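Sharing a structure here in structure tokens format.
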Amino acid sequence: MNEQATTISATEPDWSRERKIRGRYEPAKHLLAAIRRYQRLRQKGGILARLIKPFAVVQHRFWSAVSGADIPLNSRIGGGLLMPHPNGIVIHPDAQIGPNCLLFQQVTIGMGGRLPGAPQIGGHVDIGAGAKILGGVTIGAHALIGANAVVLDDVPERCTAVGIPARIVPPKTEKRENQL
């Protein structure tokens, strides 16, 4: 199979990943829908938006409690975010997450690392359970963050970060070229 055909985009959001499936219990998708609804209403403005916005806030609070995730209404999250197990996910309001990312349970994206600021996460980044991404780090597109990794430094594109503190593992193609 063609590798390009199976690669998930790091720039174009796949909104079908956030679509709720009727009959399934998916609190993370309901939470994301409430966040997106609030953000659309905030952009529109007007009397109707001001009347409906409080209901979006209540929905956000409800689904935050049900899912156990702490994701602020003003989060900057690209489309296509997947959170199969949203329990314990915490995202700082100043963090930026690119499109088509995957976050597992107990992930923290916040302040307090070696670098000042909030994390900037590229597109199609997969973040394993329990991982912590702290401070003003930049995570490149298509990167992988291992379970329970504590990322305090930048992670280049297509690299993997593992361990405490995280060390960078280059992609397999780079390893082979360096060994030859």
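Bear in mind that the values in this text are calculations on the coordinates, not laboratory data. What you see is a predicted model; the values in this text were computed from it and never measured. Cβ placement follows ideal geometry from the backbone for every residue including glycine, while neighbour counts extend to all protein chains displayed.
Based on the inverse mean of 1/r over its pairs of different Cα atoms, what is the Kirkwood hydrodynamic radius of the range 109-169, in Å?
Its Kirkwood hydrodynamic radius stands at 10.7 Å.
Another one. Stretched out fully, how many nm does the piece from Y25 to V66 gain, at 0.36 nm a residue minus the Cα gap? Write out the running numbers ahead of the final one.
On the way: separation 41, 0.36 × 41 = 14.76 nm, distance 1.10 nm.
Roughly 13.7 nm would be gained on extension.
Given the chain, what percent of its DSSP beta bridges are antiparallel, to the nearest 5? Could you put the intermediate results ahead of the total?
Values: 3 of 25 bridges.
For the chain, the DSSP antiparallel bridge percentage is about 10.
Using the 10 angstrom Cβ neighbour count as an exposure proxy, how do Y25, Y38 rank, fewest first?
So the residues, fewest neighbours to most, are Y25, Y38.
Relative to the first principal axis of the alpha-carbon coordinates of the chain, what is the inclination of helix 27-44, with its axis defined by its Cα atoms, in degrees from 0 to 90 and to the nearest 10?
Here the helix axis deviates by roughly 70 degrees.
Subtracting the Cα-Cα distance from 0.36 nm times the residue separation, let me have the gained length for E12 to R167 in nm, one decimal.
Stretched fully, the E12-R167 segment lengthens by 52.9 nm.
In addition: Using only helices, what value at 222 nm comes out for the chain when you add -39,500 (n - 2.57) per DSSP H run of length 4 or more and divide by the total residues, to the nearest 500 deg cm²/dmol?
-9000 deg cm²/dmol
If you project the alpha carbons of the chain onto the principal axes, what extent comes out on each, in Å, largest first?
65, 41, 29
Ranked highest first by average number of other Cβ atoms within 10 Å, how do 149-161, 133-145, 42-54 line up? Provide the component values of the computation, followed by the final result.
Values: 149-161: 19.5, 133-145: 21.5, 42-54: 11.6.
Put in order of decreasing packing, that is 133-145, 149-161, 42-54.
Relative to the longest principal axis of the chain, what angle (0 to 90°, nearest 10) does the C-alpha long axis of helix 46-67 take?
For helix 46-67, the angle is close to 60 degrees.
Can you list residues from other chains, or at least 5 along the same chain, whose modelled amide H is less than 5 Å from the amide H of I139?
Q120, I121, G122, V155
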